[in-house]
Amino acid sequence: MDRRTIVKFGLMLATGAMFAPAAFAQDKLVLKATDVHPLGYPTVEAVVRMGKKLETATNGRLSIQMYPSMQLGGEKEMIEQAQVGALQIARISVGPMGPIVPELNVFNLPFMFRDNEHMEKVIDGPIGDELMKKLSDHPTAGLIGLAWMNAGTRNVYNSKHPVNSVQDLKGLKIRMMGNPVFVETMNSLGGNGIAMGYDQLVSALQTGVVDGAENNEPSYATGQHYRHAKYYSMTGHLMIPEIVVFSKKSWEKLSNDDQQLILKFSKEMQQEQRGLWYEMEKKSLTQMKEAGAQVNEVTDRKPFQAAVKPVWDKFGAQHAALIQRIQDVK
């Protein structure tokens, strides 16, 4: 190797040119993934299974290492780490994505979907594809959208009493995800919405900073929130799909073939996660009751729907056409 070649080689190392996409794709690569939920939780298990498919399809060249149970922080930290390429895959609630891609806030509106079937038809169809593309094409988000996940229906739980009516929420301090849509949803229902990361919730329940929160049955059960807030009321006020994202900085280092393989398995994951979800939803409800949670149905949700109209007026008016398209899906 002559001196000119040595100098050129050194410059390539210094500028990172040796880590061009094609070269990066040929190396054995472990993709770092994270979730706030524990191993076995449907969103976690779905990503783990995708990693096994990747490993088989590439003879071990690509694999996924999962860091569950908030090992890498809450969703805010997960987003930030994905944006800089410190991790590759994260399962994120659509809530924190709304401020980045305003159209996603439509999914965050209370009582947007009629039921699970309606929601799944929306995210599986053109609307879901369009919103995923808006996230991936966003110039500053730094994320690639891979797949939607079903996160069930969110219900209110608290340490004081069952919630059967809007009046029962008055004065209750309820943890909400960090998006103004959610905080104002709870405020419009008469409660006191408090924006807080999921990773802070148990401590806040223990110390009385909040009286309760709202979430689906699997999150309530796996987090053992029934220890601190035993009244679980089926308000059904939110049904928010979740999204699996990939670091754009890492994505751009992959070959096109690897990108397409990940996208293929992500679409399969989008469907497979649902079976895992519905199974765990049933198990969680049983576990909650056995642990002493007092679960009550809310027989009349119309007053709840009427109370959140100001939220629709404020956050939905600019997306009226998209909302109509969602409502038209049969």
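The values are calculated or read from the model by the stated rules, or taken from the named source; none is laboratory data. Bear in mind that the values here come from a model prediction, so they are computed numbers and not experimental data. Reconstructed Cβ throughout: ideal geometry from the backbone, glycine too, with neighbour counts over all protein chains shown. The accessibility values were calculated without ligands, DNA or RNA, using every heavy atom of the protein model including side chains. Shrake-Rupley method; radii C 1.70, N 1.55, O 1.52, S 1.80 Å.
Working only within segment 6-57, note down all residues that are polar (S, T, N, Q), modelled with pLDDT of 95 or more and either surrounded by fewer than 16 Cβ atoms within 10 Å (Cβ to Cβ) or in a helix (DSSP H, G or I) (or both). Listed by number, the residues that qualify are Thr43, Thr56. The criterion of at least 3 residues that are under 30 Å from Met50 (Cα atoms) and touching a helix residue (DSSP H, G or I) at 6+ places or on another chain (Cβ under 7 Å) is met, among strands (runs of 3 or more DSSP E) falling completely within segment 190-272, by 242-247. A single entry from Lys267, Lys309 fulfils the requirement of being among the charged types (D, E, K, R) and within 21 Å of the chain's Cα centre (by Cα): Lys267. One residue stands out among those in segment 194-214 that are in contact with a Gly (Cβ under 8 Å, 6 or more places away or on another chain) and of a type outside the set (Gly, Ala, Ser): the one that is most open to solvent (accessible area, probe 1.4 Å), which is Gln200. For segment 84-92, check the following and say yes or no: at least one residue is touching a Gly at 6+ places or on another chain (Cβ under 6 Å) and of a type in the set (S, T, N, Q). The answer is no, given that none of the residues of segment 84-92 is touching a Gly at 6+ places or on another chain (Cβ under 6 Å) and of a type in the set (S, T, N, Q).
Residues in segment 94-111 that are under 28 Å from Lys302 (Cβ atoms) and open to solvent by less than 10 Å² (accessible area, probe 1.4 Å): Val94, Gly95, Gly98, Leu104, Val106, Phe107, Asn108, Leu109, Pro110. Scanning segment 139-165 for residues that are open to solvent by 40 Å² or more (accessible area, probe 1.4 Å) and not β-branched (Val, Ile, Thr) yields Pro139, Ser159, Lys160, His161, Pro162, Asn164. The set of residues from segment 296-311 being open to solvent by 30 Å² or more (accessible area, probe 1.4 Å) and either of a type in the set (Ser, Thr, Tyr) or part of a helix (DSSP H, G or I) (or both) comprises Thr299, Lys302, Pro303, Gln305, Ala306, Lys309, Pro310.
Tallying residues that are touching a residue at least 60 places away in the same chain (Cβ under 8 Å), of a type in the set (Gly, Ala, Ser) and part of a loop (DSSP other than H, G, I, E, B) within segment 158-188 yields 3.
From the list Gln260, Gln224, the lone residue that is polar (S, T, N, Q) and at negative phi is Gln260.
Within segment 285-295, the set of residues being in contact (Cβ under 8 Å) with a residue 12 or more places away in the chain, part of a helix (DSSP H, G or I) and among the polar types (S, T, N, Q) comprises Gln287 only.
Only one of the listed residues (Tyr231, Tyr278) is surrounded by fewer than 20 Cβ atoms within 10 Å (Cβ to Cβ), at pLDDT 95 or above and of a type in the set (Phe, Trp, Tyr). That residue is Tyr278. Scanning segment 166-189 for residues that are more than 26 Å from Gly292 (Cα to Cα) and open to solvent by less than 20 Å² (accessible area, probe 1.4 Å) gives Asn179, Val181, Phe182, Thr185, Leu189.
Checked against the criterion of being closer than 21 Å to Pro38 by Cα, touching a helix residue (DSSP H, G or I) at 6+ places or on another chain (Cβ under 6 Å), crowded, with 16+ Cβ neighbours inside 10 Å and at pLDDT 95 or above, the candidates Ala90, Ala82 yield just one match: Ala90. Cβ-Cβ distances below 6 Å connect the following pairs, each with a first residue in segment 302-329 that is aliphatic (A, V, I, L, M), a second residue that is open to solvent by 30 Å² or more (accessible area, probe 1.4 Å), and a separation of six or more residues or different chains: Ala307/Ser188; Val308/Ser188; Val311/Glu184; Val311/Ser188; Val329/Lys121.
Here's the yes/no breakdown for (1) within 22 Å of Val36 (Cβ to Cβ); (2) polar (S, T, N, Q):
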| residue | (1), (2) |
| --- | --- |
| Pro241 | yes, no |
| Glu279 | yes, no |
| Thr299 | no, yes |
| Gly316 | no, no |
| His319 | no, no |
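Consider segment 24-37 and keep the residues that are of a type outside the set (D, E, K, R) and in contact with a helix residue (DSSP H, G or I) (Cβ under 6 Å, 6 or more places away or on another chain). The one that is farthest from Ser247 (Cα to Cα) is His37.
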